[in-house]
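The values are calculated or read from the model by the stated rules, or taken from the named source; none is laboratory data. Here the structure is a predicted model, which means the values were calculated and not measured. Glycine gets a Cβ as well: all are built from the backbone with ideal geometry, and neighbour counts include every protein chain shown. These area figures cover heavy atoms from the full protein model, side chains too; ligands, DNA and RNA do not enter into them. Shrake-Rupley method; radii C 1.70, N 1.55, O 1.52, S 1.80 Å.
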Amino acid sequence: MHYSFDIERGNFTDAGHASASVKRTLKQLNVEPASIKRIVVALYEAEINAVAHAYGGKIDVEIDPEKIVMIVADEGPGIPNVDLAMTEGWSTASPKVREMGFGAGMGLPNIKKNTDELKIDTKIGVGTTLTMTVYLNA
Amino acid sequence: MILKDIIERLNLKCLNEANLDAEIKGAYSSDLLSDVMGNARSGQVWITMQTHKNVTAIASLKDIPAVIIVRNGEPDADMLEHAKEEDICILVSTEPTFQVCGKLYELIK
Ligand SMILES: Nc1ncnc2c1ncn2[C@@H]1O[C@H](COP(=O)(O)OP(=O)(O)OP(=O)(O)O)[C@@H](O)[C@H]1O
Ligand SMILES: [Mg+2]
């Protein structure tokens, strides 16, 4: 099964709606709660990053019996140093974003912890694509 | 202790009634959203001073039954609307985080 969602530029208010929709679908498919919990954490963090640090983008989710693959592709500045970005506590979030409670530098580490595979493709001045895989019933 | 009793004992104002009979075994206090995303557990009450719609988005994703807003914070209209749709109890305390956490800890520790 395949699902797509758009991530609107600058729209914090609706960020999370893809994660909510995927959560509902996984529940209907009777995926075990522990996997659903990990999946929604990873997808939400990726969704928010595409709004907070880039100019929106697109989410593609592919669900099959063994695994879920979530691809979050944004148009944005890219990540100059991925290792640094993966470090807990590192953040370049703007003051506005921090005021909302984002910018702890915990999003990417949360994604890493809650996925079985994480691939980050990023190009300066073009954008960032996260490919996140979680194996189901594992 | 169930949520209804916590509301009474902590003298909380309830802006959206939901999950009143939920058994509350723990709570998580943080204003950093990714901290809550990574570390709060389902069924816990979330104590925060954040008042925007991402709070209810996270509460819903994490199966958090109730949010306590400290120091008389006022939730944004769209947060309250979303709380109604997602059945999340929205509570407000007149007191700051430290006092709310201390009292709640005494009740459910
Ligand atoms: N999609 C992206 N495009 C550009 N830069 C990004 C992107 N995602 C992350 N980054 C960079 O990596 C840093 C760390 O990201 P991470 O999600 O871990 O923390 P954060 O978003 O700053 O804060 P938090 O997620 O805790 O609210 C960001 O501050 C930003 O510099
Ligand atoms: Mg982030």
Revision key, fill the gap. Scanning segment B:81-103 residue by residue, the ones that are part of a loop (DSSP other than H, G, I, E, B) and open to solvent by 10 Å² or more (accessible area, probe 1.4 Å) total 4
Point to revise | B:N39 among the polar types (S, T, N, Q), more than 8 Å from chain A (Cβ to nearest Cβ) and either out of contact with any strand residue (DSSP E or B) (no Cβ under 8 Å at 6 or more places or on another chain) or open to solvent by 10 Å² or more (accessible area, probe 1.4 Å) (or both) | key: yes
Practice item. Would you please name the residue that is farthest from the other protein chains (Cβ to nearest Cβ), looking only at residues in segment A:25-61 that are more than 29 Å from A:T92 (Cα to Cα) and either in contact (Cβ under 8 Å) with a residue 24 or more places away in the chain or within 16 Å of ligand 1 (Cβ to nearest atom) (or both)? Key: A:L29
Review point. If you check A:G125, A:G101, which single one turns out to be surrounded by 17 or more Cβ atoms within 10 Å (Cβ to Cβ) and either at pLDDT 95 or above or not in a helix (DSSP H, G or I) (or both)?
Key: A:G101
Revision key, fill the gap. The lone condition A:I68 fails out of (1) more than 14 Å from every other protein chain (Cβ to nearest Cβ); (2) surrounded by fewer than 24 Cβ atoms within 10 Å (Cβ to Cβ) is (2)
Study note, to complete from the structure: Residues in segment A:91-102 that are near ligand 1 (Cβ under 7 Å from one of its atoms), free of Cβ contacts under 8 Å to residues at least 40 places away in the same chain and within 12 Å of another protein chain (Cβ to nearest Cβ) total 1
Revision key, fill the gap. So, first residue within 14 Å of B:I47 (Cβ to Cβ) in segment B:1-27, second residue assigned to a strand (DSSP E or B) and among the charged types (D, E, K, R), Cβ within less than 9 Å, six or more apart or across chains; the pairs are B:L3/B:E23; B:I7/B:K13
Study note, to complete from the structure: The number of residues in segment B:57-80 that are buried (at least 22 other Cβ atoms within 10 Å of the Cβ) and farther than 23 Å from B:Y105 by Cα is 4
